[in-house]
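Below is one structure; the comments refer to it alone.
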Amino acid sequence: FQAVTGYSQPPGFNYDEDKVPPYTLPDPLVTSAGKQVTTARQWAGVRRPELLKLFAEQVYGKTPERRLKTRYEVRSVDSSALGGTAIRKQVSIVWTEYPDLPSLDLLLYVPKNRPDAGKPPVFVGLNYMGNHSISTEPGIALSTRWLPNRPDGKVVNNRATEAARGVQMSRWPLELIVSKGYSVATAYYGDLEPDHAEGWKTGIRSVLDPPTNQKKDGWQAIGVWAWGMSRMLDYLETDSSVDARRAIVVGHSRQGKAALWAGAQDLRFAAVIANESGEGGATLSKRVFGETIERINTTFPYWFCLQYRTYNGKPEALPFDQHELLALIAPRPLYVASAQGDQWADPKGEFLSAQKTDPVYQLYGKKGIGSGDWPPIHQPVGETVRYHIRAGEHDVKRYDWEQFINFADKNFKRR
Ligand code: GTR
């Protein structure tokens, strides 16, 4: 075990491999009735629905079935974005029955030159600080929504200032993505629900499933953000400039958790990428290393359903673990990425979890991670399921995107 120092790691948690208590993981291929799953058909028909229900009832809360009526309002189209290499569109998803509910404001980049004749695949993901934060292009509308204040003064009184443009552009290397022939669709996650305990009051939950009823399996914020990614895809299916059948849902950290849950529920997502998604995301809960269920439920009591709290301090009682969430992505391509400086998210636990999906991918004749050991930094492993750990802190870097794009190139067999 190599201690990684110099990064913020909340004290009082285990970061020592030698101190991980023994744990047993459930076999994804055994049904709740104890039957062995041996075919893809049994997986899809019996086990998969069973697991989806477990994750809804025990972790993320049940997604409301009611569909909101929407109208798509095109706010702008610029056909010479990114130095003339891309078309930039801003489209608002307006919830027509609820005029006071904030719209979900999409920012879409479509490459003008493409390596193949077909429509470009599209990365779909929510951003943390508003669409204006992912690029300094002045044509991007400055978000007027609630945002977390920043010590650098670029967000004050919970509102963005002009200085907030581009503050997270390193996380969205648009030129790179577009130059490789991919589109990107993003929106601010706070359009759906601002990320704080009272956030639901001005978000989608206020109309679809307010938490006031204290339902054990009530919908919570991670579920809302996941749902929002599916609504983005609804729009993309109507936009002829992208190939919505090759939509890759991507998320970092808490949005990585949401991207996994979105991909698990919504089979229209052709691939899923979870960057440093950690606890309640890709990593194993029963492996006690870094963040715990108790801690995440305490710090973020509005992210997961109330039922999840029954596992506080006793992950061994979980009848499943997060490798079975990852298995819900099968047979679609799945990328799990870690960072060495993000011990909080338990990089090794993320790897082991991804590796444990192998038997499920095998049912479909696909090769996942394979039986190798946890790889060293900057050595991606696996095929349909892929994993890397990079040097550096909890963040999204150009290195990560380079791997995601290679992975998409390989798995989407560019037409
Ligand atoms: C942390 C949380 C992690 C992860 C992270 C993030 O505070 O404990 O699980 O979600 O936030 O989203 O950056």
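Computed in the context of the full set of protein chains, the accessible area of the stretch 267-349 at 1.4 Å probe radius has 54% of its extent on carbon or sulfur.
From the largest down, the chain spans 55, 49, 47 angstrom on the principal axes of its Cα atoms. Which whole-angstrom value gives the distance between the alpha carbon centres of the stretch 385-413 and the stretch 254-317? With the stretch 385-413 and the stretch 254-317 each reduced to a Cα centre, they are spaced 21 Å.
If you take the beta carbon distance between Asn406 and Ser80 as r and set R0 to 25 Å, what does 1/(1 + (r/R0)^6) give as a FRET efficiency, to the nearest 0.05? Each step should come with its number before you reach the end.
Details: r = 28 Å, r/R0 = 1.13.
The calculated FRET efficiency here is 0.30.
Out of the total accessible area of the stretch 1-149 (probe 1.4 Å, heavy atoms of protein only), what percent is carbon and sulfur? The C+S portion of the solvent-accessible surface of the stretch 1-149 is 53 percent. Around the Cα centre of the stretch 1-108, unit charges on the Cβ atoms of Lys, Arg, Asp and Glu (plus for the first two, minus for the last two) sum to a dipole of about 600 debye. The simple spin-label model puts a point 7 Å past each Cα toward its Cβ; for Lys413 and Lys53 those points are separated by 3.5 nm.
A full extension of the chain between Thr31 and Glu97 corresponds to an added length of 19.6 nm, given 0.36 nm per residue minus the alpha carbon distance. Of the Cα atoms belonging to the stretch 52-122, the radius of gyration and Dmax stand at 17.6, 48 Å.
Summarise the long-distance tail of P(r) for the stretch 141-237 by giving the % of C-alpha pairs beyond 21 Å.
Numbers: 2210 of 4656 pairs.
For the stretch 141-237, the share of Cα pairs beyond 21 Å comes to 47 percent.
Charged side chains reduced to their Cβ positions (Lys and Arg at +1, Asp and Glu at -1) give the stretch 351-407 a dipole of some 140 debye around its Cα centre.
Normalised per residue, the accessible area of the chain is 40 Å², obtained with a 1.4 Å probe and no contribution from ligands, DNA or RNA. Considering helices alone, the calculated mean residue ellipticity of the chain at 222 nm is -6000 deg cm²/dmol, with DSSP H runs of length four and up weighted by -39500 (n - 2.57) and normalised per residue. Here the calculated FRET efficiency for Thr39 and Ala117, from their Cβ-Cβ distance with R0 = 30 Å, stands at 0.25, rounded to the nearest 0.05. Taking the accessible area of the stretch 363-409, probe 1.4 Å, and keeping the other protein chains in place, the carbon and sulfur fraction comes to 49%.
Could you tell me which residue out of Ile93, Ser32, Val77 lies farthest along the dipole of the stretch 20-144 toward its positive end? Charges go on the beta carbon: Lys and Arg +1, Asp and Glu -1, centred on the Cα centre. So the residue furthest toward the plus end is Ser32. Pairs from the list Lys62/Lys314; Lys314/Lys413; Lys62/Lys112; Lys257/Lys314; Lys119/Lys397 with a Cα-Cα gap above 32 Å: Lys314/Lys413; Lys62/Lys112.
Which length gain, in nm to one decimal place, applies between Lys314 and Thr136 when the Cα-Cα distance is subtracted from 0.36 nm times their residue separation?
Details: separation 178, 0.36 × 178 = 64.08 nm, distance 4.59 nm.
So the chain would gain 59.5 nm between Lys314 and Thr136.
The amide H of Tyr335, built 1.01 Å from its N in the peptide plane, has Val272, Ile273, Ala274, Arg386 as neighbours under 5 Å, considering only residues 5 or more places off or on other chains.
Largest first and in whole Å, give the semi-axes of the stretch 7-71's equivalent ellipsoid, each being the square root of 5 times a Cα gyration tensor eigenvalue.
For the stretch 7-71, the ellipsoid semi-axes come out as 32, 25, 10 Å.
The values are calculated or read from the model by the stated rules, or taken from the named source; none is laboratory data. None of these values were measured; they are calculated from a predicted model. For neighbour counting, all protein chains shown are included, and Cβ atoms are generated from backbone atoms with ideal geometry for every residue, glycine included. For accessibility, only protein heavy atoms count, side chains too; no ligands or nucleic acids. Shrake-Rupley method; radii C 1.70, N 1.55, O 1.52, S 1.80 Å.
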